1. When the helices in the chain are scored as -39500 (n - 2.57) per DSSP H run of 4 or longer and the sum is shared across all residues, what 222 nm value do you end up with, to the nearest 500 deg cm²/dmol?
2. Could you give the length gained by full extension between residue 112 and residue 41, i.e. 0.36 nm per residue of separation minus their alpha carbon distance, to one decimal place?
3. May I ask for the equivalent-ellipsoid semi-axes of the range 108-149, computed as the square root of five times each C-alpha gyration tensor eigenvalue and listed largest first in whole Å?
4. Among the complete DSSP H segments of the chain, which ones combine at least 30 Å of alpha-carbon extent along their axis with a mean Kyte-Doolittle hydropathy of 1.0 or more?
5. Given H placed 1.01 Å from N in the peptide plane, which residues other than close sequence neighbours of residue 61 have an amide H under 5 Å from its amide H?
6. State the extension gain, in nm to one decimal, for the chain segment bounded by residue 34 and residue 6, taking 0.36 nm per residue of separation less the distance between their alpha-carbons.
7. Suppose R0 equals 30 Å; then what is the FRET efficiency for residue 57 and residue 141 from their Cβ-Cβ distance, rounded to the nearest 0.05?
8. Which order do the peptides 37-44, 139-146, 50-57 take when ranked by the mean count of other beta-carbon atoms within 10 Å per residue, highest first?
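The values are calculated or read from the model by the stated rules, or taken from the named source; none is laboratory data. The structure presented is a predicted model; accordingly, all values stated were derived computationally and were not measured. Virtual Cβ from ideal backbone geometry, glycine too; neighbours counted across all protein chains shown. Calculation scope for accessible area: heavy atoms of the full protein, side chains included, ligands and nucleic acids excluded. Shrake-Rupley method; radii C 1.70, N 1.55, O 1.52, S 1.80 Å.
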Amino acid sequence: MVREIKKEDYQLYMDLSREFYDSDAVLHSIPASYREETWKEMMRSEEFVKGYILEKDGIEAGYGLTSYTFSQEAGGRVVWLEELYIRPEYRCHGLGKEFFRYVDEKVAPTVKRLRLEIEPDNLRAKKLYLAMGYKDLPYVQMIKEAQED
């Protein structure tokens, strides 16, 4: 089951997001303060970021984050599937597909494009994304931090 994150999920979100950033699914960890800022933004509004809890048989098994932007290239709003984390013991139980179906039903009708990025060696996730209809986008992303902490 996929449900929207609630105020009572604070510690669960902090634990799950720490597990995600300590995993091989990302290239590097982030400070807890960044995860705190994401929580604050989720609780403030749904304008930029929205969180979801994934449950299996009533047990919290993972989380997902979506974030929103506008793209002239896409012709409107774009949702980034920012993060998807499923605890190892709950993988291969259909939760990833369930999350993508939820996004397709609830989020996709409100935007022009769904977009995600993937760590290049995460072939298991890439297989899921391809099966859910995503395709490679031939861009290389670059970043510049606006300010140093």
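1. Working: 4 runs with 42 residues, N = 149.
So the calculated ellipticity at 222 nm is -8500 deg cm²/dmol.
2. 23.3 nm
3. 24, 17, 10
4. none
5. 54, 55, 56
6. Details: separation 28, 0.36 × 28 = 10.08 nm, distance 1.87 nm.
Separation in residues times 0.36 nm, less the Cα-Cα distance, equals 8.2 nm.
7. 0.20
8. 50-57, 37-44, 139-146
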